[in-house]
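K.L.:
Pasting a structure here, questions to come.
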Amino acid sequence: MLIVRPFIKSDFDSVKNIYQQGIDTGNATSQEQAKNYSDWNESLLPSCRLVAEIDSVIIGWAALSAVSNRCIYFGVAEVSVYVGSSSQGLGIGSTLLNALIKASEEEGIWMLQAGIFPENQASIHIHSKSGFKVLGIRERLGQMNGAWRDIVFMEHRSKVVGV
């Protein structure tokens, strides 16, 4: 049975492994190597960190990071959702993302954004299913391994916070 629950520090080894699996695809993030706990922890908001598990095995995670430290952007966050390679295609990403949206609204966050490589159609699909809309493509946003990469920029506006 799938359980989505808040992240605890002892989950990090599994989270890091799943993060590295995403990195290894070349289409999940521009990060080249999974961060250590301290760097990962500092890069994310302290709340809205979730893991998905089946039979006590962590198979995915989701979290939010601040888009800015300026107070005007307090209610705006960027989404990260990762599912282990052996658990993809089972609806885990959608389940995590929907739980993350709910958790973000409980924290007063009114807008979520996602920057997704266009090649990552599965991620674009789950975000669209969860109410994210495409704002546009940020062309040649950065280089990765010597090649320019575009980013599909998506957002989700809360229907309960900030309306």
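No lab work stands behind these numbers, since they all come straight from the coordinates. On a predicted model such as this, the values are computed, not experimentally measured, just so you know.
K.L.:
For Gln143 and Asn36, calculate 0.36 nm times their separation in residues minus their Cα-Cα distance, and state this gained length in nm to one decimal.
P.N.:
Going from the current span to full extension adds 36.2 nm.
K.L.:
What number, rounded to the nearest 500 deg cm²/dmol, is the helix-based mean residue ellipticity at 222 nm of the chain, given -39500 (n - 2.57) per DSSP H run of at least four residues and division by all its residues?
P.N.:
The helix-only estimate for the chain comes to -8500 deg cm²/dmol at 222 nm.
K.L.:
So, one more: Gain in length, Val161 to Cys71, computed as 0.36 nm per residue apart minus the alpha-carbon separation, to one decimal in nm?
P.N.:
30.7 nm
K.L.:
Once the piece of chain linking Ser56 and Leu135 is laid out straight, how much longer is it, given 0.36 nm per residue of separation minus the C-alpha distance between them?
P.N.:
24.7 nm
K.L.:
Averaging over every viewing direction, what projected area does the convex hull of the Cα atoms of the chain cover, in nm²?
P.N.:
9.5 nm²
K.L.:
Under 29 Å between alpha carbons, and skipping anything fewer than 8 positions from Lys16 in its own chain: which lysines qualify?
P.N.:
Partners found: Lys35, Lys102, Lys129, Lys133.
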